[in-house]
Amino acid sequence: MVSTLGLGAVASRAYSHPLHTTLTELTIAPDGGMQVVLRAFVDDFSAAVTGHAPPTGTAITTPADTAVARYLGQTLALTDGRGRRSPLVVANVRRTDDLLWITLRAPALRSVAGARLTNLVLFDRWSDQVNIVQTSFGNRRQTLLFTKREGNVAKAI
């Protein structure tokens, strides 16, 4: 199920921050599919989704779920052990002050064996963007780093 946010959600003003990072957590959802929770700064993410940054000092709106899904469909990819891309569905978008928490589901991806992730989120905005991914499957935990310098690299999860 895709949740919808009010298009007029506004909680802060545009500002500059020194870190260009996202944090993503990959786990198995209760239904057995893959769950992806991505945290990003709302100003950077909204600018990437809409294609423009709001003028300094103006309100930042939360992008619509459809726009979020379109952007993440271009920048975040999960593939199965055979290299087939698994569709990601936006399950929830939640805003807390200057952060967005985006929950995606990959219900068709039922096994992490051979699965790979590509994370290019916000590489189109910042040359120093770093995307941190933490995976937790049973007792196996790992942290992956994705940087723009690496390019379009798929990493084993």
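The values are calculated or read from the model by the stated rules, or taken from the named source; none is laboratory data. Values in this document were obtained by computation on a predicted structure and should not be read as measured data. Glycine also receives a Cβ, built like all others from the backbone with ideal geometry; neighbour counts cover every protein chain displayed. Accessible surface areas use protein heavy atoms only, side chains included; no ligands, DNA or RNA. Shrake-Rupley method; radii C 1.70, N 1.55, O 1.52, S 1.80 Å.
For the stretch 73-88, 3J(HN,Hα) computed residue by residue from phi via the Karplus equation (6.51, -1.76, 1.60; θ = phi - 60°) reads x, 8, 10, 10, 9, 10, 10, 7, x, 9, x, 7, 5, 9, x, 9 Hz, glycine and proline entered as x. Within the accessible area of the chain, the carbon and sulfur atoms contribute 55%, probe 1.4 Å, all protein chains present.
Treat every Asp and Glu Cβ in the chain as -1 and every Lys and Arg Cβ as +1, leave all other atoms uncharged, and give the resulting dipole magnitude about the Cα centre to the nearest 20 debye.
Numbers: 17 positive and 11 negative charges, 110 e Å.
For this selection, approximately 520 debye.
Fully extending the segment from Leu99 to Phe137 would add 11.1 nm, taking 0.36 nm per residue of separation and subtracting the current Cα-Cα distance. Across the stretch 96-120, the residues whose backbone nitrogen lies under 15 Å from the label position 7 Å along the beta-carbon direction of Gln74 are 120. Rounded, prolate or oblate: which fits the stretch 49-96 when a ≥ b ≥ c are the square roots of the eigenvalues of the alpha-carbon gyration tensor, with rounded for a/c under 1.5 and prolate only if a/b beats b/c? Taking the square roots of the gyration eigenvalues as a ≥ b ≥ c, the stretch 49-96 is prolate.
So what's the back-of-envelope 222 nm ellipticity for the chain, counting only DSSP H runs of four-plus at -39500 (n - 2.57) apiece and dividing by all residues, rounded to 500? Let's see the in-between values first.
Numbers: 2 runs with 20 residues, N = 157.
Value at 222 nm, helices only: -3500 deg cm²/dmol.
I'd like the FRET efficiency for Asn152 and Leu23, computed as 1/(1 + (r/R0)^6) with the beta carbon distance as r and R0 of 25 Å, rounded to 0.05.
Numbers: r = 20 Å, r/R0 = 0.81.
The value I calculate is 0.80.
Using Cα pairs under 8 angstrom and six or more residues apart, how large is the relative contact order of the chain, in percent?
Worked out over the chain, it gives 28 percent.
Using DSSP to define loop residues, name the trypsin sites (Lys or Arg not before Pro) in the stretch 64-138 whose beta-carbon has at most 13 other beta-carbon atoms within 10 Å. Before the final figure, lay out each step's value.
Details: sites: Arg70, Arg82, Arg84, Arg85, Arg94, Arg95, Arg105, Arg110, Arg116, Arg125; in loops: Arg82, Arg84, Arg110, Arg125.
Those that pass, being in a loop and sparsely packed, are Arg82, Arg84.
Averaging over every viewing direction, what projected area does the convex hull of the Cα atoms of the stretch 21-157 cover, in nm²? Provide the component values of the computation, followed by the final result.
Values: hull surface 32.5 nm².
For the Cα atoms of the stretch 21-157, the hull's average projected area reads 8.1 nm².
How would you classify the stretch 87-134 from its alpha-carbon gyration tensor, with a ≥ b ≥ c the square roots of the eigenvalues: rounded for a/c under 1.5, else prolate if a/b is greater than b/c, otherwise oblate?
Since a/c reaches 1.5 but b/c is at least a/b, the shape of the stretch 87-134 is classed as oblate.
Expressed as a whole number of Å, what is the distance separating the alpha-carbon centroids of the stretch 35-72 and the stretch 91-109? Using only Cα atoms to place each centre, the spacing works out to 12 Å.
With a probe of 1.4 Å, find how much accessible area the chain has per residue, and write the answer as a whole number in Å².
Values: 8100 Å² over 157 residues.
For the chain, the solvent-accessible area averages 52 Å² per residue.
Placing unit charges on the Cβ atoms of the charged side chains and taking the dipole of the chain about its Cα centre, the candidate lying farthest along the positive direction among Phe123, Val153, Pro18 is Val153.
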